[in-house]
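Only one structure is covered here, and it is reproduced in the block below.
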Amino acid sequence: MAADRTNAIDVERELRLLAGSLVVPAADLVDAVMARVVAEPPPARRPRFATAAGAAGAWIRTRWRATALVVLGAVVAVGAATPVGAAVARWFTFGGVEVVHTPVPPPSTSVAVATSSAAPGLSLSAAAGRVGFTPHVPAGLPAPDTITVSPDDRVMSMTWSESGLRLDQFLGRPSPLFVKKSYQDIEFVEVGDDQGLWFDGPHELVYLDPDGSERRETARTAGRTLLWIDGSVTLRLEGAGSLDRALDIARTVR
Amino acid sequence: MEDLGSLGDAELVARVCAGETAAYAVVVRRYTGIALRTAAFLGAGADAEDVAQEAFVKAYRALGRFRPGSAFRPWLLTIVTHEARNRHRSDRRRRDRELLPGVDLPAAGPEELAEVGERRALARHALAGLPDEQRDVLVCRYLLELDERETAEVLGIAPGTVKSRTSRGLKRMRSALSAHSALEVGGGR
């Protein structure tokens, strides 16, 4: 019988034997790598929050520590050298997002929610298969007009063109996926039982490669955004206008 | 002189960030083997050495963003995987056609070795025939011997997805292999 025949094959064992037979040529990379990095400054282990932070900063710092313990379980150190130089005052990671405070506005002040995409839309299940997690869906909204997944399968985006809403979701990782540069203070909020951040103004949104390099070509100025973490997934909702409306929508996300 | 080789990853990373660049040599030495295999099996093939070297340099620059307290190995391999895929993004069809290009099976010697070689070739062929997302998971789990959590991190997917893709991939390989009598004959060995 077919079932008996297939049971006789131990595929896991075959794979382990295959692994043992595949020989990758050895190489000594130490000298080559060290020759390239030795002249570079030490990697930017960022300093802890700037000591000059004011009362608002102190509040954020305190709240953030509490948040980090609950949500992330790990606090990220901070560094002197940063993408925008010594101007950066504060820096931390929230879910899959690195948040950088800058004292200057983002380069562009025109804010447009990217609700359209040249990529063809996907079904929810097809998108879920690509990103590898169960997508969250806002029950309080109609079905999205488009569902897309980034070329590297890391970010799923839903857009509603009529209301100008955009919901991005991605897994939190040991390294952040986006960097948000905000020159305004952010607000810590509660989204149901989850922790969230509210960006009450324009900020620069930059996609990060796994090695931490910024993908400048896709950088854009984002408007008011609610960011929150649900389990292992980080969500960002853009285009809701006010915090109240963003929270209303976020609370219906299942 | 202090034996840096006895230090753990977290301590080494902390020292590199504090300016002790030489500590990074220990990190590179420790992970060269797995970095080369990851690069070779996840898309770089014969370019594995270049890809691994580039990944180590990028990882050095990104150390400041590494979250202290998390595991270093999967974080590094995530960068290696990204680099390997970038290298071959423009040539994806080639990657689909030949699994592990540049990596050769041991040359067939005596009769018995030839038979063993054939079994390996069949397994390799069946693995290469899987959909990308199932193959990548099986490569991480069985060829690189990463655990589920590490695999999830390296591929940027949820641990539950690793589980489901593993089981789908194994099932698919099993039916592909069951078509070959060679495995039934040699199945007990």
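The values are calculated or read from the model by the stated rules, or taken from the named source; none is laboratory data. Please read these numbers as outputs of a predicted model, since none were measured by experiment. Quick reminder, even Gly has a Cβ in these numbers, built from the backbone with ideal geometry, and neighbours come from all protein chains shown.
A quick yes/no check of all residues on (1) closer than 13 Å to A:Glu12 by Cα; (2) under 15 Å from the mean Cα position of the chain (by Cα); (3) in a helix (DSSP H, G or I):
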| site | (1), (2), (3) |
| --- | --- |
| B:Tyr142 | yes, yes, yes |
| B:Glu150 | no, yes, yes |
| B:Val162 | no, yes, yes |
| B:Gly169 | yes, no, yes |
| B:Arg174 | yes, no, yes |
Just a yes or no: is a residue in region B:16-24 at the interface with chain A (Cβ under 10 Å from one of its Cβ atoms), buried (at least 17 other Cβ atoms within 10 Å of the Cβ) and of a type outside the set (Val, Ile, Thr)?
yes
Those residues of region A:151-179 which are under 17 Å from B:Val154 (Cα atoms), out of contact with any Lys or Arg (no Cβ under 9 Å at 6 or more places or on another chain) and small (Gly, Ala, Ser), in sequence order:
A:Gly172
Of all residues being surrounded by fewer than 23 Cβ atoms within 10 Å (Cβ to Cβ) and among the acidic types (Asp, Glu) in region B:137-166, which is nearest to B:Arg120 (Cα to Cα)? Just the residue, please.
B:Glu145
Leading residue by the ranking (nearest to B:His180 (Cα to Cα)) among those in region B:123-151 that are of a type in the set (Asp, Glu) and without any contact (Cβ under 8 Å) to a residue 24 or more places away in the chain
B:Glu145
Consider region A:1-15. How many of its residues are in contact with a helix residue (DSSP H, G or I) (Cβ under 6 Å, 6 or more places away or on another chain) and at pLDDT 90 or above?
3
Restricted to region A:153-185, and to residues that are modelled with pLDDT of 80 or more and surrounded by fewer than 17 Cβ atoms within 10 Å (Cβ to Cβ), which residue is farthest from B:Pro74 (Cα to Cα)?
A:Glu162
The lone condition A:Ile147 fails out of (1) more than 24 Å from B:Leu155 (Cβ to Cβ); (2) among the aliphatic types (A, V, I, L, M); (3) outside any loop (DSSP other than H, G, I, E, B) is (1)
Quick check on region A:205-254: of everything there that is acidic (Asp, Glu) and more than 12 Å from the chain's Cα centre (by Cα), which residue is farthest from A:Leu165 (Cα to Cα)?
A:Asp211
Go over the candidates A:Leu227, A:Leu237, A:Leu197, A:Leu243 one by one and state the one that is without any contact (Cβ under 8 Å) to a residue 60 or more places away in the chain and either farther than 21 Å from A:Val131 by Cβ or away from chain B (no Cβ under 14 Å) (or both).
A:Leu243
Do you know which of the residues in region A:186-197 that are surrounded by fewer than 19 Cβ atoms within 10 Å (Cβ to Cβ) and touching a helix residue (DSSP H, G or I) at 6+ places or on another chain (Cβ under 6 Å) is farthest from A:Phe94 (Cα to Cα)?
A:Gly192
